[in-house]
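Asker: Below you will find the structure I want to go over with you.
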Amino acid sequence: MKALVKTQPGGGHFEIIDKKEPAAGAGQVKIRVEYAGVCGSDIHTFEGHYNYNASDLTLGHEFAGTIAEVGEGVTEFKVGDRVTSETTFVICGECKYCKEKQYNLCGSRKGLGTQQDGAFANYVLARAASVHRLPDNVSCRDASITEAAACAYHGVSRAKINKGDIVLVLGPGPIGLLVAQIVKSYGGIVVMTGLTKDKERLDVAKEKFSMDYIVDVQTESAEELVKDLTDGYGADVCFDCTGAVPSMHLGMDLLRKQGQYVQVGLFAKDVVDVDFSKIIQKELYVTGTRSQNTHDWEPTLELMSKGAINSAKMITHELNIDEWDKAYDLIKSGEAIKVIFKPLA
């Protein structure tokens, strides 16, 4: 089968090569990939900022398809089932995090597309315990971005949102747009921010996804808007989806006392300057979020089924897996919101 593979350590080295078609082992299912989403981490891997040492690795961890084979001991799925899968492929099963099904925190965890061959190919193996059936009204195309949506759902779950809360979503990228849709499903009022270069995405946020307020922080005052909306108190919750230090500072500035701050976006550097006086003096609740957990997937699929997460509007470009360069350019330019791949015949 044809696969898009990171062939050696370092940046670059993405090639289409022939790989042996896998066979389902005990407790596994083999999935025929229909569509696979391109994640920001795939971009970071290509640029050499993430998963630097991986080699002979098939990329792709956002996907949906149909089961082509079930391994020994698998009774809950059958050939032909339409499914998607968590990225979790290997866990220790013994640590406190595994026992609580918080697999994203297991120190032995290995994930599809990062340590284990992923879905930029005709077939991918998945751990049966990680697989989820698609709702009848959710297509494989739409479900191909379930993993990204589940990450967003996990991030939103790190805060408590009440109906009518003013919620900052900093950054109009794919995760920001998914976070914002989930926040709206909880009754939150979204203030989404971006830069002047994000104009097209901010316009999309307003026109396609009906975000309540959008702000270009380089030409407009987010502070004045938030003051007007909150009688001067500040926003209730902030999700920073940019991983940019100025955005982090802005979010903490705009929160009310005892507001909730969730860091969703990854910073370019592991160590950044944080003004702890804001956290202390305002008694802010600050937390991070990492990937997704098994309990995030069914609620995410339900939100897709109800239309609260609109995958069809998120997906802007569909390419074949041998068009990586085009996908990269579309994403880096900001023209694409979400790019999905189809396997080669």
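The values are calculated or read from the model by the stated rules, or taken from the named source; none is laboratory data. Source: prediction; values computed, not measured. Here the Cβ positions follow ideal geometry from the backbone for every residue, glycine too, while neighbour counts run over all protein chains shown. In case anyone asks, the SASA skips ligands and DNA or RNA and just uses the protein heavy atoms, side chains included. Shrake-Rupley method; radii C 1.70, N 1.55, O 1.52, S 1.80 Å.
Asker: Using only helices, what value at 222 nm comes out for the chain when you add -39,500 (n - 2.57) per DSSP H run of length 4 or more and divide by the total residues, to the nearest 500 deg cm²/dmol?
Answerer: On the way: 12 runs with 98 residues, N = 345.
Theoretical 222 nm ellipticity from helices: -7500 deg cm²/dmol.
Asker: Given 20 °C and 1.002 mPa s, compute D for the range 268-345 with the Stokes-Einstein relation, Rh being the Kirkwood radius over Cα pairs; round to the nearest whole µm²/s. Don't jump to the answer; show the numbers that get you there.
Answerer: Values: Rh = 16.7 Å.
For the chosen part, D equals 129 µm²/s.
Asker: Could you provide, to the nearest whole Å², the per residue accessible area of the chain with probe 1.4 Å?
Answerer: Details: 15460 Å² over 345 residues.
Heavy-atom SASA per residue in the chain reads 45 Å².
Asker: Additional query: How high is the relative contact order of the chain? Use alpha-carbon pairs under 8 Å, at least six apart in sequence, and give a whole percent.
Answerer: Relative contact order comes out at 18 percent.
Asker: Please state the shape class of the range 141-188: rounded when a/c is under 1.5, otherwise prolate if a/b exceeds b/c and oblate if not, all from the C-alpha gyration tensor.
Answerer: Numbers: a/c = 2.07, a/b = 1.74, b/c = 1.19.
Verdict is prolate for the range 141-188.
Asker: Assuming a ≥ b ≥ c are the square roots of the Cα gyration tensor eigenvalues, decide whether the range 1-129 counts as rounded (a/c under 1.5), prolate (otherwise, with a/b larger than b/c) or oblate. All intermediate terms of the calculation are to be shown ahead of the outcome.
Answerer: Working: a/c = 2.04, a/b = 1.20, b/c = 1.70.
In terms of gyration-tensor shape, oblate.
Asker: How far apart, in nanometres, would the label points at Lys313 and Asp216 be if each is projected 7 angstrom from Cα along the Cα-to-Cβ direction?
Answerer: Modelled inter-label distance: 2.2 nm.
Asker: With an 8 Å Cα cut-off and a minimum separation of 6 or more residues, compute the relative contact order for the range 134-261 in percent.
Answerer: Over the range 134-261, the number comes to 24 percent.
Asker: Something else: Shape call for the range 85-143 from the C-alpha gyration tensor, a ≥ b ≥ c root eigenvalues: rounded (a/c under 1.5), prolate (a/b greater than b/c) or oblate? All intermediate terms of the calculation are to be shown ahead of the outcome.
Answerer: Values: a/c = 2.99, a/b = 1.58, b/c = 1.89.
It comes out oblate by the Cα gyration axes.
Asker: Okay, next question. Write out the chymotrypsin sites (Phe, Trp or Tyr not before Pro) in the range 121-204 meeting two conditions: DSSP loop, and at most 16 other Cβ atoms within 10 Å of their Cβ. Walk me through the numbers on the way to the answer.
Answerer: Values: sites: Tyr123, Tyr153, Tyr186; in loops: Tyr186.
Here the chymotrypsin sites (Phe, Trp or Tyr not before Pro) that fit, given the DSSP loop and packing criteria, are Tyr186.
Asker: If you keep only loop residues by DSSP, which GluC sites (Glu not before Pro) in the range 1-76 have at most 14 other Cβ atoms within 10 Å of their Cβ? Walk me through the numbers on the way to the answer.
Answerer: Details: sites: Glu15, Glu34, Glu47, Glu62, Glu69, Glu72, Glu76; in loops: Glu72, Glu76.
Here the sparse-neighbourhood loop sites are Glu72, Glu76.
Asker: Further, regarding this structure: When the solvent-accessible surface of protein heavy atoms is calculated with a 1.4 angstrom probe, in what order do Met1, Met192 fall, highest first?
Answerer: Numbers: Met1 55, Met192 0 Å².
Of Met1, Met192, the descending order of accessible area is Met1, Met192.
Asker: OK, next. More than 25 angstrom separation, counting every C-alpha pair in the chain; what % is that? It would help to have the intermediate numbers written out before the result.
Answerer: Numbers: 30824 of 59340 pairs.
Looking at the chain, the distances longer than 25 Å represent 52 percent of pairs.
Asker: Next question, about the same structure. Which of Asp273, Asp236, Asp325 moves the most in a Gaussian network model of the chain with Cα springs under 10 Å?
Answerer: Result for the chain, Cα springs under 10 Å: Asp273 fluctuates most.
Asker: Near Val215, within a Cβ-to-Cβ distance under 10 Å, what is the net charge of the other residues, with Lys and Arg +1 and Asp and Glu -1? Intermediate values should be presented prior to the final figure.
Answerer: Numbers: positive: none; negative: Asp216, Glu220, Glu223, Glu224.
Residues near Val215 contribute -4 overall.
Asker: Another question about this same structure. Can you give me the % of accessible surface on the range 170-232 that is carbon or sulfur? Probe 1.4 Å, all protein chains present, nothing else counted. Could you put the intermediate results ahead of the total?
Answerer: Working: 1410 of 2910 Å².
Roughly 48 percent, rounded to a whole number.
Asker: Taking 8 Å as the Cα distance limit and 6 or more residues as the minimum spacing, I'd like the relative contact order of the range 189-277 as a percentage.
Answerer: Working: 116 pairs, mean separation 19.3, N = 89.
Rounded, it is 22 percent for the range 189-277.
Asker: Right, here's the next one. Could you give the nm distance between label points at Ala26 and Lys306, where each point is 7 Å from its Cα heading toward the beta carbon?
Answerer: Distance between the two pseudo-spin positions: 4.1 nm.
Asker: Please check the chain for the longest run free of trypsin sites (Lys or Arg not before Pro) that are loop-located per DSSP (anything but H, G, I, E, B) and have at most 10 other Cβ atoms within 10 Å. Please list the in-between numbers first.
Answerer: Values: sites that count: Lys20, Lys78, Lys163, Lys269.
Answer from the scan: 164-268.
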